[in-house]
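To keep things clear, I will list the structure first and then write my remarks on it.
The values are calculated or read from the model by the stated rules, or taken from the named source; none is laboratory data. Remember, it's a predicted structure, so these values are computed and weren't measured experimentally. When we count neighbours, we look across all protein chains shown, and the Cβ atoms used for this are built from the backbone with ideal geometry, even at glycine. Calculation scope for accessible area: heavy atoms of the full protein, side chains included, ligands and nucleic acids excluded. Shrake-Rupley method; radii C 1.70, N 1.55, O 1.52, S 1.80 Å.
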Amino acid sequence: MARKIEIQINHETYVGDTSAARDQVEMLNIASRFNLLPIVREDMGDMGAVAVIATLEITLIDRLKKLCITGGGLKRLSDSVPVSENLFQDEPHLFLLLIAKVLKENIGPFWKLS
């Protein structure tokens, strides 16, 4: 069952749901294979998270976008516009940050295994 999520970036709030369990398994697999797991740590800063996501090939970023953003039905709260890259004109790093934060919401409980 999906959980409601709310993420704030640059004074904008984005709302949606966590993705389906099958998609979360794929997210965890991608995060493990491509060294993205530090993104879900509490001590990872925004710049570090963006830098990690930005190193990925664009096809992988597109896959994460589909799993995290589209899969969770993310919308900008102020006007209910579905999230896409175009909402972040001239600030594409904020779109990558949103992917990182949604990824953290979906697979963050991984760190509770310790």
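Kindly provide the set of residues from the stretch 11-39 that are touching an Asp or Glu at 6+ places or on another chain (Cβ under 7 Å) and open to solvent by 30 Å² or more (accessible area, probe 1.4 Å), ordered by number.
Taking the stretch 11-39 and keeping what is touching an Asp or Glu at 6+ places or on another chain (Cβ under 7 Å), we get 13, 15, 18.
Correct list: Val15 only.
Scanning the stretch 40-56 for residues that are within 19 Å of Asp23 (Cα to Cα) and modelled with pLDDT of 95 or more returns Ile53, Leu56.
Suppose the filter is surrounded by 13 or more Cβ atoms within 10 Å (Cβ to Cβ) and either touching a residue at least 40 places away in the same chain (Cβ under 8 Å) or charged (D, E, K, R) (or both); does Asp79 pass it? Step through it out loud before you land on a result.
Details: surrounded by 13 or more Cβ atoms within 10 Å (Cβ to Cβ): no; either touching a residue at least 40 places away in the same chain (Cβ under 8 Å) or charged (D, E, K, R) (or both): yes.
Judged against the criteria, Asp79 is not a match.
Say whether the condition of being buried (at least 20 other Cβ atoms within 10 Å of the Cβ) and more than 14 Å from Glu6 (Cα to Cα) is met by at least one residue in the stretch 98-106. So far as the stretch 98-106 goes, no, none of its residues is buried (at least 20 other Cβ atoms within 10 Å of the Cβ) and more than 14 Å from Glu6 (Cα to Cα). Just one of the numbered conditions (1) in contact with a His (Cβ under 6 Å, 6 or more places away or on another chain); (2) open to solvent by 60 Å² or more (accessible area, probe 1.4 Å) is not true of Ile58: (1).
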